[in-house]
2 protein chains.
Amino acid sequence: MTNTQTLTNQITTILNALLLQGIQTAVLAPGSRSTPLALGLAQLARENKLKLYVDIDERSAAFFALGIAKTTARPVLLLCTSGTAAANFYPAICEANSSHIPLIVLTTDRPPELTKIGAPQALDQDHFYGQQVKQFWQLPLASDDPAECHYTNFIVQRSVIQATSLPCGPVHLNLPLRKPLMPRLPFSFATNNIPQKIDRLTSKSSLTSADFTALTTKIAGKRGLIIAGPSEIDMPANSLLRWAENAGWPILADPLSQLRGYDSNCIISAYDILLKTKHSILKMLKPEIIIRFGGTFVSASLASWLKELRVPTYYLDPNCELNDYTETTTKLLPLSEADFFENCPAPVAQPSWLSQWSKAQEIIKRSWDSTSPQKVVSEALLPHLLERALAPNTHLFISNSMPIRDIDSYYLPQTKFCYLYCNRGANGIDGVISSALGMSSQFQNNVLLIGDLAFFHDMNGLMMAYRYALQLRIIVINNNGGGIFSFLPQVGSTDFETVFGTPQNLSIKQTALLYHAEYTRIQNSADFVKKLQHSPHGLEIIEVITDRAANVEQHQNTVQQIKQKLSEEFY
Amino acid sequence: MTNTQTLTNQITTILNALLLQGIQTAVLAPGSRSTPLALGLAQLARENKLKLYVDIDERSAAFFALGIAKTTARPVLLLCTSGTAAANFYPAICEANSSHIPLIVLTTDRPPELTKIGAPQALDQDHFYGQQVKQFWQLPLASDDPAECHYTNFIVQRSVIQATSLPCGPVHLNLPLRKPLMPRLPFSFATNNIPQKIDRLTSKSSLTSADFTALTTKIAGKRGLIIAGPSEIDMPANSLLRWAENAGWPILADPLSQLRGYDSNCIISAYDILLKTKHSILKMLKPEIIIRFGGTFVSASLASWLKELRVPTYYLDPNCELNDYTETTTKLLPLSEADFFENCPAPVAQPSWLSQWSKAQEIIKRSWDSTSPQKVVSEALLPHLLERALAPNTHLFISNSMPIRDIDSYYLPQTKFCYLYCNRGANGIDGVISSALGMSSQFQNNVLLIGDLAFFHDMNGLMMAYRYALQLRIIVINNNGGGIFSFLPQVGSTDFETVFGTPQNLSIKQTALLYHAEYTRIQNSADFVKKLQHSPHGLEIIEVITDRAANVEQHQNTVQQIKQKLSEEFY
C-alpha cells in the first residue's frame, strides 16, 4: 500500500520537475498503471500549463511525439502504462536515438513484488530499450524520505537536460507505482514546495564574451568559493589561480585536483578537517555562491556541508553529465575549466573573505606542526610526513578506503607540488598495485600508499614490477585487516573480526622476498622521513604497523585538538 | 579455414590503424585465440614502434593499462584471448568508464560457428561489458573484400578517437578469429598499404583564431565543396552562405539540410541526378577538398561518388561520432557548423569553379522545365510540381522509401523556402503519418508526401488528426504496393508480387471516409497544382495513382534525357 498523499507528492514532484525543465507538450497512451501521472497531466492541460495529446495506439503516440520534438527541436514527454505498451514505443525511440531527437520516455511499472513473478502485464522494464536510449533511470517507489524526493526531482530534471544536450536523444525513466493508484485530487502544483530548478547557461557549446561578462556581473560582489574536484588532465592551473586571486575566492582543492602544493594563498587544502570540527566559525566561512568542477571530491564532510548550505552552485561540466551526488547544482555551465577561467572576467574581490579561510587553514597547519614531533608513525600522521619527505614532482598513487581519506584530511603541502592519483571512478580497493605499476612504467620517482588488505588483494600485480624492473616505493600501512570498518557502527558486534576486520595474518616481508623487493619496517617518524629521502630504485616495500582501534581514537582526537585550536586562535 | 595471408592482412590493418591513432603502449594478457595480434604486437615492440607489457593475470593487466592511461592521459591498448580472460578485465573497465580513462579493449573471440554451441572457452562476448563502455564494436571476420578491410581500418581508428573524445572512456572491440591463427611472419607494417589516417583537429572543444587562420591557409587555393547533410536545428544558414559565397564553393544541399530554396548561386540541389548521369563533365566538377556536416545525406549516388573520389574530407562533428558510412573522412573537426563558419575566415575564391557547377545545375533545371508540360502526374514529376505549388514556409513531411529519394533528385527550388522533414535516423516507413501529425500540431500549412504502403502501415495514426482537428494535406502516391522494389534485381522473379510488390488493394477513399478527411483523386498536373494552391484546412487526402513498372522506366528516361541535355549544352 502506498499512502495516497505520498503518491500525490511524488507525482507532483515529477511533473513540477518536467515543467521546470521546459516540457510544454506531453503525449499519453492511456492505461491503468499510469493513472496518477495521466490525471496530473490532464489537470496541467486544463490549467494551460502544458499541451496534452492522448493516443490509444502507443506506436502512433510515440511517432506523434517524435514529430513534435523533431520539428520544434524541443523535448516532448511520452507516457504509458506497464507491459507491451512500452514495447510499442520502441520503433520511434530507435528513430529518435539515430536522429538525435529529444524524447523523455516515462514508462510506469509494477512495484518490485510484482515483477518477474508471473503477475499480469508486468515485464522486466529495466534497460528496456537497451542501447537505443542515451540513458536509463529507474525512479524510486513513492516515499516520504526527503532525500528520495530530492533525488527524484534531481533525476527527472537531469534527464531532460541530458536529452537536450548535444547529441540530443531519447532518455528513459521507469517509474514503479504501488496501488492504490488514485492520487489526492486536485494536485497543488503551484502551492506545492516547488523544487529548485537546475538552470543551464546554454545548450550550445560556445559562449560570446558578452555572455561571460553577464556571468561576471551575476556573481560580482558575492562571497564566492571554488570547489576543485579530481582532475587528471588539462587543468588550467595558471588561469584558475589568477582568476581566484583577482576575485579573492578560496579554492577548496581536492587532493586529486592536482592543485594542492601550488604556492597561492587561494588554495585551501585543510577544508575536510575544518568541516569535520563543525566549529562555529564555519558560519563566517559560508559562501554566497559556489563554482564547482572536476569529479566527485573525496571529502564526505564537504558533501554534507554543501547539502546543508544549498547556495547557488554553478557546475562546469562540458559533458552535461551532472554527476553530482550532493544534488546541489543550480546552474550547469557546459564549459571546460579552461573555457571558463580563461574567458570569464574575474569579479572584484570582497575584502576579508579569503583571509578568513586562510586564517583557519593556518591555525590547522600550525596545530599539526605542534603534534608532529611524536615518534610513532600513525595513519593520520603519515600524510604529514609525506608532505615533508616526498621529493617535488613525485608521482604518488593512493589506495582507496582509508589512505585517500587520510591524504584528503592531512596532506596539506604549501609549496611542494606532487602528482596525486587514485582510482576514484568506482573507488575500489582492487587493482591498486597494478594501477600504480602502470604509472611507474611511465615516470621517475613513484610512490604508492596502500593498506594491507588492498595490498594482498592485488598481490599478483607485483609480478609486473619484477618482470619489467619498475621503480615503485610501496608504503604499506599494515593494521592487519579492514581499518575503515572500525569507524562504522558494527565495530562492537560479536562477529566483527570475522566479517569486517578480516585479518589476513600474512607476512608483508615474505611477499617482498617472493617478488625480490627491498623490504623495510619503519616505526618512528624520523626513520620514515629519512627512508623516503633516499633515492628510489626498483621495487621497495616499506611496512608501517598501526593498530585499528587506536587509529579511530587518534583520528577523533585530532579533530578535537584542531577544534580547540580554532577556538583559541581564530578570533 | 582462414587463408593465412588474409589473416595477416587483417591483423596488419588493425595494428596499423592503432598506430596511426597514436597508440604507444599495449598490455597483453596472453592466450591462444589472440595469437596473431600477440605476434604482431611483439614484432612492433621489437621494432620500437610501441611499448608492450605482458601480464599473465588479466585483472592485473587491465589495471596496469588503466594506470598508464590515467597518469599519461593517453589511450592504451588492452588485449586478451576469448572466454573468462575478457571477464577479468571488467573491474578495471568499470573504473575507466566511471573516471573517463581512454582504454582500447580488444578481445579476441571464436568465430560464429563456435559460439553459443558448447565449444570450449567460448562465451557470448557481444556487448560483453554492457553499459560500462562508451561503445561496443564487433569487427568482421578476416576477408579479402576491400570494403570490409576499409571498414575494419575505419572502425579501429574511430574507436580510438571515440575513447579519447570528451568524455573519454573505454571502448570495446571484439574480434572473431578462425583457425589457423598463425599469420605469415614477419608482418610488413611499413610496406603494407598503410591506410589513410583519420586526423583530428583538436581533442579540445574550442579553437583559437590562430587555429582557424591556419585552417584557412590549408584549404586556400583549392577547389572546395561543401556537403550539407540533414539538419533540423540551428543551421547557421547566413554565415554558411556568406562563407561559401566568399570562397566560391558550391554547397551540395541535402533536401533535409534546410538549405534548398535559399536564393544563393552556391546552393546546388541537382547533384543527385547529375551524379546519376555519370556524365564525363563530372571530371571537371571534381573537388580537391570537401567540408561535410550534418547527418547521412539521402543521395546514394553522392555516397558512391565520394568513395570514388577519396579527396581530403573534413567532417564537422562536435560529438566526434564519425557516423560516416562512406568512410571518406580524413579530418574530424570537433566543431559545430556555427563554430566553424562564423570563426574560420573564408579562403579566396577560385575563378570558374563555382560557375561550372551552377551551369550544370541550370541545364538540369531547364531540361526539367521542358519536360514538365506533360499532363499525367508521375512520381518523378511530383517534386517539381510541389516546388511550384507549395506556399513558402510550408512544413513538408516526407515518407521514407521512394518519396524522399524523389524529393532528393527532383525537388530543386530556387528561391522558395519550405521546411522539409523525414525520419532519416533509421529510415523506416513506420510511423510516418503520426510523425507528420505531430508536426501538424505545431505549425500552419502542413503537407505529407507518402506512398500507399507507408500510408496503410500507419493508418492508425490518422485518429489523432480527427481527435485534435489537425490540419494536414496528405498526398498519397498510390502504386498499390512497394514501388522501390521494382528498382531491384528481384523484379523479374515469379514470387515478386507476393513477397515484394505486396499490393494491399485497399481503398484510400474509404480510409478518408473513416477518418472524416476531405478526399480528392488527382490525375493531371494542372489539377494537382491548383488543388495545392487552395488554402489548407483540416485533414485532406489527395490520391495520385501511379504505376510501378512505368515509374522505373520514367526514372531511367529522365536520367538519360538530362545526360543528353548536358552533352548538348554544357560545353
Considering only helices (runs of 4 or more DSSP H) wholly within region A:12-124, the ones with at least 3 residues that are β-branched (Val, Ile, Thr) and either over 34 Å from the mean Cα position of the chain (by Cα) or away from chain B (no Cβ under 14 Å) (or both) are A:58-72
*asked:* Suppose the filter is acidic (Asp, Glu), touching a Lys or Arg at 6+ places or on another chain (Cβ under 8 Å) and either within 30 Å of B:Leu28 (Cβ to Cβ) or open to solvent by less than 10 Å² (accessible area, probe 1.4 Å) (or both); does A:Asp430 pass it?
replied: yes
Pairing a residue in region A:130-148 that is within 11 Å of chain B (Cβ to nearest Cβ) with any residue that is surrounded by fewer than 16 Cβ atoms within 10 Å (Cβ to Cβ) and assigned to a loop (DSSP other than H, G, I, E, B), where Cβ atoms lie under 8 Å and the two sit 6 or more apart in sequence or on different chains, gives A:Gln131/B:His127; A:Phe136/A:Asp126; A:Phe136/A:His127
Filtering helices (runs of 4 or more DSSP H) wholly in region B:298-409 for at least 2 residues that are among the acidic types (Asp, Glu) gives B:337-343, B:353-371
(Q) Going residue by residue through region A:521-540, is there one that turns out to be over 17 Å from A:Ile475 (Cβ atoms) and either in contact with a Ser or Thr (Cβ under 7 Å, 6 or more places away or on another chain) or not charged (D, E, K, R) (or both)? (A) no
A:Ile281 passes all but one of the listed conditions (1) modelled with pLDDT of 95 or more; (2) closer than 24 Å to A:Arg424 by Cβ; (3) aliphatic (A, V, I, L, M); (4) in a helix (DSSP H, G or I); the exception is number (2)
Residues of region A:336-369 being touching a Phe, Trp or Tyr at 6+ places or on another chain (Cβ under 6 Å) and open to solvent by 40 Å² or more (accessible area, probe 1.4 Å), in sequence order, are A:Asn343
Filtering region B:144-164 down to residues that are β-branched (Val, Ile, Thr) and touching a Lys or Arg at 6+ places or on another chain (Cβ under 7 Å) yields B:Ile161
Among residues of region A:456-472 being more than 11 Å from every other protein chain (Cβ to nearest Cβ) and under 15 Å from A:Ser441 (Cβ atoms), the residue least open to solvent (accessible area, probe 1.4 Å) is A:Gln471
Checked A:Ala338, A:Ala346, A:Ala389, A:Ala380 against criteria (over 22 Å from A:Phe297 (Cβ atoms) and modelled with pLDDT under 95); the one match is A:Ala389
Picked from region A:531-561 (must be of a type in the set (Gly, Ala, Ser) and open to solvent by 50 Å² or more (accessible area, probe 1.4 Å)), the residue farthest from A:Ile273 (Cα to Cα) is A:Ser535
Going through region A:74-116 in order, the residues found to be of a type in the set (Gly, Ala, Ser) and touching a residue at least 24 places away in the same chain (Cβ under 8 Å) are A:Ser82, A:Gly83, A:Ala85, A:Ala86, A:Ala87, A:Ala92, A:Ala96, A:Ser99
Of the candidates A:Ala436, A:Ala391, A:Ala426, the one satisfying the condition of being more than 14 Å from every other protein chain (Cβ to nearest Cβ) and among the hydrophobic types (A, V, I, L, M, F, W, C) is A:Ala391
For region A:299-324 the number of residues that are open to solvent by less than 20 Å² (accessible area, probe 1.4 Å), within 13 Å of chain B (Cβ to nearest Cβ) and not acidic (Asp, Glu) is 3
Quick count over region B:325-335, residues being within 13 Å of another protein chain (Cβ to nearest Cβ) and surrounded by 21 or more Cβ atoms within 10 Å (Cβ to Cβ), is 3
For region A:169-198 the number of residues that are open to solvent by 20 Å² or more (accessible area, probe 1.4 Å) and farther than 22 Å from A:Leu39 by Cα is 2
Exercise. Scan region B:269-287 and give yes if some residue there is closer than 26 Å to B:Thr208 by Cβ and either assigned by TED's automatic domain parsing to the domain that holds B:Ser165 or surrounded by fewer than 21 Cβ atoms within 10 Å (Cβ to Cβ) (or both), otherwise no.
Key: no
B:Leu420 vs (1) modelled with pLDDT under 95; (2) not in a helix (DSSP H, G or I): all pass except (1)
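Here is a yes/no grid of residues against (1) open to solvent by 20 Å² or more (accessible area, probe 1.4 Å); (2) hydrophobic (A, V, I, L, M, F, W, C); (3) without any contact (Cβ under 8 Å) to a residue 40 or more places away in the chain:
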position	(1), (2), (3)
B:Ile477	no, yes, no
B:Ser486	no, no, no
B:Gln504	yes, no, no
B:Thr511	no, no, no
B:Phe528	no, yes, no
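The values are calculated or read from the model by the stated rules, or taken from the named source; none is laboratory data. All figures in this text were calculated on a predicted structure; none of them were measured in a lab. Ideal geometry is used to build each Cβ from the backbone, glycine not excepted, and the neighbour counts take in all protein chains shown. Please note that ligands, DNA and RNA were not included when accessible areas were found on the heavy atoms of the full protein model with its side chains. Shrake-Rupley method; radii C 1.70, N 1.55, O 1.52, S 1.80 Å.
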